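Heads up, the thing below is written out as structure tokens.
The values are calculated or read from the model by the stated rules, or taken from the named source; none is laboratory data. The shown structure was predicted, so the numbers you read here are calculated from the model rather than taken from an experiment. Every residue, glycine among them, receives a Cβ derived from its backbone with ideal geometry; neighbour counts consider all protein chains shown. SASA here: full protein model, heavy atoms, side chains in, ligands and nucleic acids out. Shrake-Rupley method; radii C 1.70, N 1.55, O 1.52, S 1.80 Å.
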Amino acid sequence: MKFIIAIIKPFNMLPKVKLEIAASDDIAAQVIETIQEVANTGAIGDGKIFVLDLASATRIRTGESGETAL
């Protein structure tokens, strides 16, 4: 599991936005690629993407854990 943090500036006149996404390893690369495609304006300050390993996740309502909790 990956924890993806993206700090992006979606439009030139707007402040930066922080996205926090928990994703399974299977789709993490696609999530990162999609953020890059959407957020890239070619201008300085487009943002950064950080990817961290996610040790665990638990859905409070059902008690599910691991990737099934995502």
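What to note about this one:
- When each of the peptides 57-68, 28-39 is scored by the mean number of other C-beta atoms lying within 10 Å of its residues, the order from highest to lowest reads 28-39, 57-68.
- Here, the chain has an Rg and a Dmax of 14.1, 44 Å when only alpha carbons are counted.
- The residues neighbouring residue 27, those whose beta-carbon lies less than 13 Å from its own, together hold a net charge of -3 under the Lys/Arg +1, Asp/Glu -1 convention.
- Relative to the longest principal axis of the Cα atoms of the chain, helix 25-39 runs at roughly 20 degrees.
- The residues of the chain expose, per residue, 73 Å² of accessible area to a 1.4 Å probe.
- FRET E, pair residue 65, residue 14, Förster distance 25 Å, beta-carbon r, rounded to 0.05: 0.10
- Here the chain exposes an accessible surface that is 58 percent carbon and sulfur, computed with a 1.4 Å probe and the other protein chains kept in place.
- Charged neighbours of residue 46, selected by a Cβ distance under 12 Å, balance to +2 (K, R count +1; D, E count -1).
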